[in-house]
Amino acid sequence: MNYEKFLTTITKKRKPNLIRHLTAASLKNPTALNFAGGMPNTAMFPFKEISVTYSDDMRKVLTGTDLFSALQYGPTAGYLPLQKKWREFQCKWHSLQYDNWDVCFTTGSMEGCSKILEMIIEKGEPLMLQSPTFVGIIGTVVPMQSDLIPIRMDDDGALPNDIVNACEERIKSNRPLPKLLYVNPTGANPVGTVYTNERKEKIYKLAQKYDFLILEDDPYYFLHFLDENPRSFLSMDTDGRVLRLDSFSKIISAGLRLGVVTGPQPLLEKLALHINCSTIHASALSQMLVYSLLSSWNDDDVQAHFTKIQKFYRDKRDIMLKAIEKHFTGIAEWSVPRGGMFVWLKITVLEDTYDLAMIKCMMQDLYILPGHCFYPKNDETCQYLRLAYSHIKSEVVEEAISKIAAIIRSTAANK
């Protein structure tokens, strides 16, 4: 593919950073004498060793060259052994169908998302995004003043007909077609939907027909409640038009702030140029800790970890759903989440949920999220609430849900 038409003017003007280029090259060459990089001398860092004990009681002590790698500047795309390990995982999980792809680690997957959007979308250009959409994406794209095209969702994912209608309408009116579709296909935040494989195939064919890229933001990929992993857009990609974002926040640690982009090498090279002049690279210490863990596990260990996560969150979901069924029947509608950490509720007895969440519930120390923030036009009325079941103690869920339901019923009775 020729990616030139997808890039913004600023992206096209970014030039390679020779310091970063030579630093990466020297790290691949153990005999190199690097006079090019302004790297501080690690002998002056006040650390002798860093030790970490993982939950399986494996203890890792970083000393010598490992400590050097954890504390020093590294390659923009990531710690080299971790890059290699992640490429192996992506081949195993997604069976990529083209050769010219690579990976690039970022400071959380949100950095990858925001930089990709800035790399592709100019002010005023159209952008398709599933609706409702993760609040972090809303916060990124609204200030960019892009022409936002909401793509509605059902239980199977984003609606292909909405994509067709948006593209055909722009063809008829002789306006530019969207260059990008943003999706959050597994455990979609906030609705908990998992796109079916059939729905993904239809959307990918539309991407080929109308020539747009797909930004596959998939932090909950291993936090689904299906019998097997869903196919990813990346696994269907034959053209190099999918940019996939994975996150370690939900499966290893949120505070490590580590994500990774997988996609066509030409676009990842442009992404790295932006990272060069902002964060430089993701935390080397975080990358070292993740690599040490992953390299100590075999395939069965990795799968056991994912299975444990899925069971934990499925049980948390079921406890909340039981309480919702008991207390919200008659005042709300909801679907059973097939992944992720949230229940998305339509409060049918109220026209708007903002004051309910932000005033009445907060006055009783109950913190819930009104649905407004998941839509670009968040000043319009909205009947939805998002409840997170991921970290609330199971023993308090029933009482808390009953209190929220009581506040809703009281509000509805007095409206």
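The values are calculated or read from the model by the stated rules, or taken from the named source; none is laboratory data. Nothing here was measured: the structure is a model prediction, and the numbers come from that model. As a convention, Cβ positions derive from the backbone with ideal geometry for all residues, glycine included, and neighbour counts pool all protein chains shown.
Output the strands (runs of 3 or more DSSP E) that fall wholly within segment 1-112 and possess 3 or more residues being hydrophobic (A, V, I, L, M, F, W, C), or say none.
Filter on segment 1-112 gives 101-106.
Name, by its number, the condition in (1) at pLDDT 90 or above; (2) under 19 Å from M288 (Cα atoms); (3) out of contact with any helix residue (DSSP H, G or I) (no Cβ under 6 Å at 6 or more places or on another chain) that does not hold for M39.
With (1) at pLDDT 90 or above; (2) under 19 Å from M288 (Cα atoms); (3) out of contact with any helix residue (DSSP H, G or I) (no Cβ under 6 Å at 6 or more places or on another chain) applied to M39, the lone miss is (1).
How many residues are of a type in the set (D, E, K, R) and surrounded by 20 or more Cβ atoms within 10 Å (Cβ to Cβ) if we restrict to segment 236-269?
Matching residues across segment 236-269 total 5.
So which residues in segment 143-171 are in contact (Cβ under 8 Å) with a residue 24 or more places away in the chain and over 14 Å from P185 (Cα atoms)?
Hits for segment 143-171 are M144, S146, L148, I149, P150, I163, V164, A166, C167, R170.
Test of understanding: among I368, I309, I359, I347, which residue is buried (at least 21 other Cβ atoms within 10 Å of the Cβ) and not assigned by TED's automatic domain parsing to the domain that holds N189?
None of the other options fit; the residue is I347.
Which pairs turn up if I take residues in segment 391-415 that are under 14 Å from Y367 (Cβ atoms) and look for partners that are charged (D, E, K, R) with beta carbon separation below 7 Å, at least 6 apart in sequence or on another chain?
Between residues of segment 391-415 that are under 14 Å from Y367 (Cβ atoms) and residues that are charged (D, E, K, R), the close pairs are I407/K360.
Does T186 qualify as being of a type in the set (S, T, N, Q), in contact with a Pro (Cβ under 7 Å, 6 or more places away or on another chain) and not in a helix (DSSP H, G or I)?
Yes.
How many residues are under 23 Å from P178 (Cβ atoms) and polar (S, T, N, Q) when one looks only at segment 191-234?
Selection size over segment 191-234: 4.
Only one of L285, L289, L245, L234 is assigned to a helix (DSSP H, G or I), under 18 Å from the mean Cα position of the chain (by Cα) and in contact (Cβ under 8 Å) with a residue 60 or more places away in the chain; which?
Step by step, each of L285, L289, L245, L234 is checked, and only L234 is assigned to a helix (DSSP H, G or I), under 18 Å from the mean Cα position of the chain (by Cα) and in contact (Cβ under 8 Å) with a residue 60 or more places away in the chain.
So F328 ticks every box in (1) within 24 Å of the chain's Cα centre (by Cα); (2) crowded, with 21+ Cβ neighbours inside 10 Å but one. Which box is left unticked?
The failed condition is (1).
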